[in-house]
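What follows is one structure encoded as structure tokens, with my remarks underneath.
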2 protein chains.
Amino acid sequence: MTDINKAIEQLDWRKEPRGLYEPIEYTLASGGKRLRPTLAITAAEAIINGGLINGDAIDDVLPAALALEVFHNFTLMHDDVMDRAEVRRGRPTVHVKWNDNTAILSGDQMLIEAYKQLAKVPAGKLPQVLNWFNEMATGICEGQQYDVDFEHMSQVGVDDYLKMIELKTSVLLANAMRIGGYIAGANEAQQKALYGYGLHLGIAFQIQDDILDVYGESRTFGKAIGGDIRCNKKTILLITALETADAESKAELLQWLMATDRDEEKVAAVTEIYNRLGVRHSCEAIMEDHTAQALAELEHLPQNSATEQLRELAERLVTRKS
Amino acid sequence: MTDINKAIEQLDWRKEPRGLYEPIEYTLASGGKRLRPTLAITAAEAIINGGLINGDAIDDVLPAALALEVFHNFTLMHDDVMDRAEVRRGRPTVHVKWNDNTAILSGDQMLIEAYKQLAKVPAGKLPQVLNWFNEMATGICEGQQYDVDFEHMSQVGVDDYLKMIELKTSVLLANAMRIGGYIAGANEAQQKALYGYGLHLGIAFQIQDDILDVYGESRTFGKAIGGDIRCNKKTILLITALETADAESKAELLQWLMATDRDEEKVAAVTEIYNRLGVRHSCEAIMEDHTAQALAELEHLPQNSATEQLRELAERLVTRKS
């Protein structure tokens, strides 16, 4: 695996005006899983030779991998403003450390920087990659808007939820796979399999995130348990509970959703209702179904050490504790 | 001249989620000079045959022209949030009509929509156009940041100001010209001339904007006169006055800059100091110099009805009253 962190460190942000570039440097230096560029490069490796790629091959795919990571961090910078989130990866968010205007403008510049990386994709493959990237970016903005809309909707079904997270999370992973593979020469059937893997992986990943927010251990999860319950976030757990509850449990749940003054008690009570309704089990079943679908897509790819990594990654994501 | 307004109207924003696309439709329907796409198309016409272009030729350049207009409107949507501007083109700004989050997210989507248009540029020319577009977009973000920085700097010189407006305004006009001409087949010397025309035109345009804010007639200018003076905006007039004033006038000017309670009196007094120092004349001289440089660039282009339009446009911009 190419050291994506090293490539990110080598991006030069010591440019003027400092007020524009310093927040970008700060954000990209704050770590994160680097999941998206890792997927793009591993997809390329799966197609090319199932092992380390280097020289021209890595030069070809690396800019797109960086574009995906820079783009992802742009979405976080703007989302944090919109959500009024104060901490990200253990550090103050950009709008807290600087101000809202800085987060807006430096975020805009990050989006442009993503396209600057993308412009380095080999010319023959640029039009297709640019189209997929634009389609992906649109999906993420649409997903974010649906997420906002859901806050004010009384009826949100599991299908609505799955559509929303497909746009907000999965299309980025799916396109990371497809773009990486395409640049490495994947044929259409392989592109489809790579895309499908990323799409199902993303859905499973987001469902696990929702489950961990309730059933994780705060020490390993890295944030307080029950945050989603406290703010009535329409997670797949809450949506499933509202869809499947009998009249009595539903009334009890709705009662708790209105409570804003007894946080600890609320987390315990809602978790107890989830337990009673078997919500965790239902959600895990959906997650496992998507994980299985992701793994099935790998059958259409060359079987080598890179596809093995992708298999391990899918299995690790759904058993992760953080 | 191709009807750029018609092409903009034909962009389809009746898509879901409405919360994302409605503000984009609202912004693009609010008019404006359509200067940037007009420049791109006129540049192409100047290169191709000096007249109306149609068929393949217009199909080739129109997407880039639309990308420039959509991009420009994206910058306005985010700038209005950052500046807390409440009215744009006689209508409430997006963050006022909806809210800040909507203006941020729909603005992001507009930037992506600009790149979607750009992806339609003929494949052989896409890499160069994408690079120029990215360079331009970066310049505009940098210019916006310098503009913000200037607010807090005690010493800003005319050269700093010219550098700032070159980034914030001129690179967009310059790249509109260069991109339009390049797609139409301009050679390197012609690309350089087109770029130079746009660059100098943009600087002259912005200086005239500053002058009109003080010396325009409110009826034709479309907004209240003296707005820049009221908020101590570091225009070329104020910067020139501070650079050229004798000690006494400078002290008087600085005194007025601190006044926040006597708006009408302040506008009259500062204008009187400008008059005494001959600031308007100095600024007009710089503007006319840039207009002359813009016109000189046209000499390197084919002489036809399109270059004639560009000549008239430059002359009209510096004598405009609004």
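Worth a mention:
- Label zone at residue B:192, where the point sits 7 Å out along the Cα-to-Cβ direction: the range B:260-290 residues whose backbone N lies under 18 Å: none
- A crude spin-label estimate for the pair residue A:59 and residue B:151, with each label 7 Å from Cα along the Cβ direction, gives 4.5 nm.
- Working value for the range A:179-322: equivalent-ellipsoid semi-axes of 37, 15, 12 Å, each the square root of 5 times a Cα gyration tensor eigenvalue, largest first.
- Residue B:146 - accessible surface, heavy atoms, 1.4 Å probe, Å² rounded to 10: 40
- Using only alpha carbons, the range B:152-222 has a radius of gyration to Kirkwood radius ratio (Rg to Rh) of 1.12.
- Environment charge at residue A:26 (Cβ cut-off 10 Å; Lys +1, Arg +1, Asp -1, Glu -1): 0
- Carbon + sulfur, % of accessible area of the range B:2-317 - ligands and nucleic acids excluded, 1.4 Å: 48
- Amide H to amide H distances under 5 Å link residue A:216 with no residue, where only residues 5 or more positions off or on other chains count and H is placed in the peptide plane.
- Accessible surface of residue A:256 - all protein chains present, 1.4 Å probe, nearest 10 Å²: 40
- Modelled this way, with points 7 Å down the Cα-to-C-beta line, the labels at residue A:296 and residue B:304 are 5.9 nm from one another.
- In nanometres and ascending order, the distances from the residue A:264 label point to those of the other copies are 6.3 (point 7 Å from Cα along Cα→Cβ).
- Efficiency of FRET between residue A:264 and residue A:159 - r from beta-carbon atoms, R0 30 angstrom, step 0.05: 0.35
- Rounded to 10°, Cα long-axis angle of helix A:171-183 versus longest principal axis of chain A: 20
- Translational diffusion of the range B:249-322 was estimated from the Stokes-Einstein equation, with Rh taken as the Kirkwood radius over Cα pairs; at 20 °C and 1.002 mPa s the coefficient is 141 µm²/s.
- For the range A:96-162, the square roots a ≥ b ≥ c of the C-alpha gyration tensor eigenvalues yield an a/c of 1.5 or more together with a/b not exceeding b/c, which makes the shape oblate.
- The charge dipole of chain A, taken about the Cα centre with unit charges on the Cβ atoms of Lys, Arg (+1) and Asp, Glu (-1), comes to about 740 debye, rounded to the nearest 20.
- When you work out D = kT/(6 pi eta Rh) for the range A:2-317 at 37 °C and 0.692 mPa s, using the Kirkwood radius from C-alpha pairs as Rh and the Stokes-Einstein form, the result is 159 µm²/s.
- Evaluated at q = 0.05, 0.08, 0.09 Å⁻¹, the base-10 log of the normalised Debye intensity for the protein assembly as shown, with identical point scatterers placed on the Cα atoms, takes the values -0.27, -0.67, -0.83.
- Sequence of A:59, B:147 when ordered by accessible area, the most exposed leading, probe 1.4 angstrom: A:59, B:147
- Per residue, chain A exposes 42 Å² of solvent-accessible protein surface, assessed with a 1.4 angstrom probe and all protein chains in place.
- The range B:230-290: translational diffusion in µm²/s, Stokes-Einstein, Kirkwood Rh over Cα pairs, 4 °C, 1.567 mPa s: 109
- Approximate spin-label separation residue A:320-residue B:285, in nm, with each point projected 7 Å along Cα-to-Cβ: 6.5
- Using the Karplus relation 6.51 cos²θ - 1.76 cosθ + 1.60 with θ = phi - 60°, the per-residue 3J(HN,Hα) values for the range A:13-19 come to 10, 7, 10, 9, x, 4, x Hz, with x marking Gly and Pro.
- Take residue B:100, push a point 7 Å out from Cα through the beta-carbon direction, and compare it with the same point in every other copy: 0.2 nm, smallest first.
- Label-point spacing at residue B:160 relative to the other copies reads 5.2 nm, in ascending order, each point sitting 7 Å out from Cα along Cα→Cβ.
- Helix-only mean residue ellipticity at 222 nm for chain B, each DSSP H run of n ≥ 4 adding -39500 (n - 2.57), per residue, nearest 500: -23500 deg cm²/dmol
- The local environment of residue B:200, defined by Cβ-Cβ distances under 9 Å, has a net charge of -2 under the rule Lys, Arg +1 and Asp, Glu -1.
- Rounded, prolate or oblate (a/c below 1.5 giving rounded, otherwise prolate when a/b exceeds b/c) for the range B:23-141 by Cα gyration tensor: prolate
- Phi-derived couplings, Karplus 6.51 cos²θ - 1.76 cosθ + 1.60 at θ = phi - 60°, listed residue by residue for the range B:140-152: 5, 5, 4, x, 4, 5, 4, 4, 5, 4, 4, 3, 9 Hz, with x used for Gly and Pro.
- Entries of A:15/A:120; A:163/A:250; B:163/B:192; B:163/B:321 with Cα pairs more than 22 Å apart: A:163/A:250; B:163/B:321
- In terms of its C-alpha gyration tensor, the range B:76-201 has an oblate overall shape, because the principal axis ratio a/c (a ≥ b ≥ c, square roots of the eigenvalues) is not below 1.5 and a/b does not outweigh b/c.
The values are calculated or read from the model by the stated rules, or taken from the named source; none is laboratory data. Source: prediction; values computed, not measured. Quick reminder, even Gly has a Cβ in these numbers, built from the backbone with ideal geometry, and neighbours come from all protein chains shown. Ligands, DNA and RNA are stripped out before the accessible areas are found, and what is left, the full protein with its side chains, is counted by its heavy atoms. Shrake-Rupley method; radii C 1.70, N 1.55, O 1.52, S 1.80 Å.
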